[in-house]
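The values are calculated or read from the model by the stated rules, or taken from the named source; none is laboratory data. In this text, all values refer to a predicted model and were calculated from it rather than measured experimentally. Using ideal geometry, Cβ is built from the backbone for each residue, glycine included, and neighbour counts are taken over all protein chains shown.
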Amino acid sequence: MMISLRLHLRLPLLLYAVLQVAATVRQSREIIITDAVRRIQQDGYNVERHVVTTKDGYVLTLHRIPQLHDLFGTVLRRPVAFLLSGLYASSDVWLLNGREDSLAYLLWNAGYDVWLGNNRGNIYCRNNVWLNTTEREFWNFSWHEMSVYDMPAQIDYILRTSGATQMHFVGISQGGTVFLVLNSMLPQYNAVFKTATLLAPVAYVSNTKSGLAKIIGPILGTRNYVSKMLEGVEMFSTNKFFKKFLSMTCLENEKPLVCITRLWPVVGYDTRFLNKTLLPDLMANFPAGGSVKQLMHYFQGYVSTKFRQYDYGPERNWLHYQQLEPPEYALENVTTPVTIFFSENDYIVAPADIWRLVMRLRNVEAVYRVPWKRWNHFDFICGLGVREYIFDNIVRTMNRYEQRPR
């Protein structure tokens, strides 16, 4: 009893000591926790924060890096690039590599009006006109709702505000999912996009290497008591103190075992190309929040081997879709010129699933296999080599379409 009491009393002191050591090791580097405006300003760029409300009441935040006139400071009309992050991420992921290597800054330097999108449930989008975050109904959404509500609201707002009639799109992981679903369900939006670049897009997942899918997928990817109970549940905490603690446990001068352990379900075991110096920032900004239903929708795809709408079970499917099984997304409706990047080592998206997606699309501009054999899912954003390979190919395609508009 005395030993237990002493340990209990010492735990706060031990925790404080760990935080102090971590802070000392990284005292020359400030970690910014989910504050894209502040991060962009500190990197030396102008930034705007915009708010838009979806038809079903979710209040979304967009971040813009505008092109300004050198003398008058007015916003210049330039080609628009709209970037959308992946599962449980936010606009911050496009900024973590700093001013030299972040895709958002590189596109701005190339002359683009850069907009960073966010989806319902992440730390920038936790408000609803009618619901609050303590209600289950607030969290009862998957990436389908992000596609048919969040994307149109953000796209329409960007076009209206920028004065542009078309834009370029870049999405990673779930960002690619959302783009594909949007243009399948609402094909009129194809005309809005000059090009679309999808980095490791998640559509078909039947060949995934993910241990989570193999172990938990058969449970949460089917209709049962557990999956029904989790439909209105938040997935991750967005508490900033908790994120700061996780960030400070990632020491730069040693192998960040706790960080890799936390990341492996997403990036895989082999993270040799992941920029390890970014791990404290990554831990402070990922995950950024979302619903369990987002993940369950992917698990349903793993079980069914199809890319289709959410499965509510036969009875509710009939009410939603007037058929017993959910309909598949009509990928043939996607007519935007699409460029896809993938890796043979991707822990989430297998090459076989990428090629299955490619065969369904009508207008594939190019398919790039990244040249690094150990390149993994998260490397597309925070990996070494983004500037030298991915950006060059993206901006080359964008510039070509700027010279020959659709």
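Just a few scattered comments:
- For segment 307-333, a tally of residues being out of contact with any Lys or Arg (no Cβ under 7 Å at 6 or more places or on another chain), surrounded by 19 or more Cβ atoms within 10 Å (Cβ to Cβ) and in a loop (DSSP other than H, G, I, E, B) returns 3.
- Which listed residue is crowded, with 18+ Cβ neighbours inside 10 Å, modelled with pLDDT under 95 and within 26 Å of Thr61 (Cα to Cα), from Ala196, Ala200: Ala200
- Set Asn275, Asn285: member being farther than 20 Å from Leu230 by Cα, in contact with an Asp or Glu (Cβ under 6 Å, 6 or more places away or on another chain) and either modelled with pLDDT of 95 or more or surrounded by 19 or more Cβ atoms within 10 Å (Cβ to Cβ) (or both): Asn285
- Lone unmet requirement of (1) assigned to a loop (DSSP other than H, G, I, E, B); (2) charged (D, E, K, R); (3) more than 23 Å from Ser162 (Cβ to Cβ) for Asp70: (3)
- Entry remark, segment 334-366: residues being more than 20 Å from the chain's Cα centre (by Cα), closer than 19 Å to Asn207 by Cα and of a type in the set (Val, Ile, Thr) number 1 in total.
- Scanning segment 334-377 for residues that are under 23 Å from Ser210 (Cβ atoms), outside any helix (DSSP H, G or I) and either of a type in the set (D, E, K, R) or in contact with a Leu (Cβ under 6 Å, 6 or more places away or on another chain) (or both) yields Ile340, Phe341, Glu344, Asp346, Arg369, Lys373, Arg374.
- Looking only at residues in segment 288-306 that are part of a loop (DSSP other than H, G, I, E, B) and within 30 Å of Lys194 (Cα to Cα), the one that is modelled with the highest pLDDT is Lys306.
- Condition check for Val338: under 25 Å from Phe141 (Cα atoms) and modelled with pLDDT of 95 or more: no
- Listed conditions (1) out of contact with any Asp or Glu (no Cβ under 8 Å at 6 or more places or on another chain); (2) touching a residue at least 24 places away in the same chain (Cβ under 8 Å) are all met by Val358, apart from (2).
- Residues satisfying the stated conditions in segment 137-148, i.e. assigned to a helix (DSSP H, G or I) and either closer than 15 Å to Gln294 by Cβ or free of Cβ contacts under 8 Å to residues at least 24 places away in the same chain (or both): Phe138, Trp139, Trp143, His144, Glu145, Met146, Ser147, Val148
- Scope segment 110-131; condition over 21 Å from Gly176 (Cβ atoms), in contact with a Lys or Arg (Cβ under 9 Å, 6 or more places away or on another chain) and either surrounded by fewer than 21 Cβ atoms within 10 Å (Cβ to Cβ) or not hydrophobic (A, V, I, L, M, F, W, C) (or both); matching residues: Gly111, Asp113, Arg126, Asn128
- Of all residues in segment 179-230, those being outside any helix (DSSP H, G or I) and touching a residue at least 40 places away in the same chain (Cβ under 8 Å) number 21.
- Checking each residue in segment 88-109 for being more than 24 Å from Asp156 (Cβ to Cβ) and assigned to a loop (DSSP other than H, G, I, E, B) picks out Tyr88, Leu95, Leu96, Asn97, Ser102.
- Of the residues making up segment 132-177, those that are surrounded by 22 or more Cβ atoms within 10 Å (Cβ to Cβ) and more than 16 Å from Thr54 (Cβ to Cβ) are His168, Phe169, Val170, Gly171, Ile172, Ser173, Gln174, Gly175, Gly176, Thr177.
- Condition broken by Trp115, with the remaining ones in (1) more than 25 Å from Val395 (Cα to Cα); (2) of a type in the set (Phe, Trp, Tyr); (3) touching a residue at least 12 places away in the same chain (Cβ under 8 Å) satisfied: (1)
- Which listed residue is touching a residue at least 40 places away in the same chain (Cβ under 8 Å), under 28 Å from Arg99 (Cα atoms) and out of contact with any strand residue (DSSP E or B) (no Cβ under 6 Å at 6 or more places or on another chain), from Asn345, Asn333: Asn345
- Considering segment 31-67, and only residues there that are among the hydrophobic types (A, V, I, L, M, F, W, C) and part of a strand (DSSP E or B), the residue that is nearest to Leu106 (Cα to Cα) turns out to be Ile65.
- Meets criteria (farther than 24 Å from Ala200 by Cβ and either surrounded by fewer than 21 Cβ atoms within 10 Å (Cβ to Cβ) or touching a residue at least 60 places away in the same chain (Cβ under 8 Å) (or both)) for Asn97: no
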